[in-house]
Structures are given as structure tokens and as C-alpha cells.
1. Residues in region 88-127 that are free of Cβ contacts under 8 Å to residues at least 24 places away in the same chain and hydrophobic (A, V, I, L, M, F, W, C): how many?
2. Among the residues of region 90-107, which ones are surrounded by 16 or more Cβ atoms within 10 Å (Cβ to Cβ), closer than 15 Å to T122 by Cβ and charged (D, E, K, R)?
3. From the residues in region 33-54 that are modelled with pLDDT under 90 and among the hydroxyl-bearing types (S, T, Y), which one is nearest to F93 (Cα to Cα)?
4. Can you find a residue that is assigned to a helix (DSSP H, G or I), out of contact with any Gly (no Cβ under 6 Å at 6 or more places or on another chain), under 22 Å from S98 (Cα atoms) and touching a residue at least 12 places away in the same chain (Cβ under 8 Å) anywhere in region 139-156?
5. Could you check region 64-79 and list, in sequence order, the residues that are part of a helix (DSSP H, G or I) and either of a type in the set (D, E) or over 16 Å from the mean Cα position of the chain (by Cα) (or both)?
Amino acid sequence: MGKIGIYKVYLLLQMDDSILKNILTKIGEVNPKYSLGKQLYNNGELIQFIDNPSEELQLVAVAEDGYSIQHIQNPSEKIQLAAVKQDDYSIRFIENPSEIVQLAAVEQDPYSIQYIQNPSETVQLAAVKVWGPSIQYIQNPSEKVQLAAVEQDGYLIQYIQNPTEKVGLVAVKKNPDSIYYIQNPTEKVKQLAQSKGY
């Protein structure tokens, strides 16, 4: 039997979950070497077929495949962190992740902020500091987060709705052409852009 053996993807997709669970359980009973718990090391998604898996089995599953967290009810923060470390996009399957879990995800890949509902300012700043364009996935960023983005690249103001004058000034100072993306710039912002040759 190969690494996946009987657990071929097409079987997983075509069989009813209860039938597949029964087959996998029987195989494990006949040959303990192929029990569901042991097969988690090869395919974390099999956690969905284990009733009330221990935290140890949950860790095995998410360490092999972070997405398998979607099959774990009420995962602990430890399990959530392990899943996010294996695959930062697994955050989208975590209901109400703690700030620590959110930070782990965005520090690994700031693009994952798009999967976080209402990230805190700390999480927003972490994402923007690593990758400025992540501001486009943040609804109503604070002025502090906006400034962190435009300080990297003035053109990022295009992703900010109604930037404050201070944000506009920093963006234009960084890149005078960014005034093009500011709706209704203040006189001060216009003057700065003109003084910079726009």
C-alpha cells in the first residue's frame, strides 16, 4: 500500500462519509497499522472520521494539514496555532480566533488578514507593516494603520476611503502622484503635491 493507499482522493470525494468511516474503521480493526489515528500522519483530513479526537490526535491532524481544523469542534488555542503555523490560510476555518492566533497568521502571511473578521488594530498594523497592500483587506482602518501603509508607499492611499489630511500629506510627500487617488484633497494636500512637482 502506498502512502495514501486506500484513501485515494476520489474515494473521499465519491463516498458517503458514514460509509467511508465504516470502511476505514474496519481496515484499522483488521490491521492496526492502518488505524485512523495512525493514518492521520499521512492525511490530517481523516480527523473528521474520528469521534471526539484527543488533543494529541488533533495536533497530529493539523500539523499534517492545517485545513483539517475545519473538522475539529471548538479547537483549543494550541490547536489553532498549530493549524495556522502549518497553513496560515486555515485561519478562515477558525471561529473567533484569539489575537495571538490572528497575529500568527498575518505575521506568516499578511494576505491572510482578509479571512479575519474584525481584526484588532494590533493585527491590522502587523499585517500592514509586513505587506502594505494588505490594507485593501481591512475595513475602516484607523489613522495609525493608514499611516503605516502610506509611509511604505504613497500609492496605497488608493485603498483608503476618506483618508485624513495627515494621511493624505504623508502619501503625497512619499509620492506626489498619489494625490490622484485622493477624493477631495484638502488645500494643504494640493499645495504639497504642487510643491513636489505634481
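1. 7
2. Passing the criteria: only E107.
3. Y41
4. yes
5. Hits for region 64-79 are E64, H71, E77, K78.
Conditions tested, residue by residue: (1) crowded, with 18+ Cβ neighbours inside 10 Å; (2) under 23 Å from A127 (Cα atoms); (3) touching a helix residue (DSSP H, G or I) at 6+ places or on another chain (Cβ under 9 Å).
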{"position": "L40", "(1), (2), (3)": "yes, no, yes"}
{"position": "Q48", "(1), (2), (3)": "no, no, yes"}
{"position": "P53", "(1), (2), (3)": "yes, no, yes"}
{"position": "V60", "(1), (2), (3)": "yes, no, yes"}
{"position": "G66", "(1), (2), (3)": "yes, yes, yes"}
{"position": "Q73", "(1), (2), (3)": "no, no, no"}
{"position": "A83", "(1), (2), (3)": "yes, yes, yes"}
{"position": "D88", "(1), (2), (3)": "yes, yes, yes"}
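The values are calculated or read from the model by the stated rules, or taken from the named source; none is laboratory data. Bear in mind that the values here come from a model prediction, so they are computed numbers and not experimental data. Ideal geometry is used to build each Cβ from the backbone, glycine not excepted, and the neighbour counts take in all protein chains shown.
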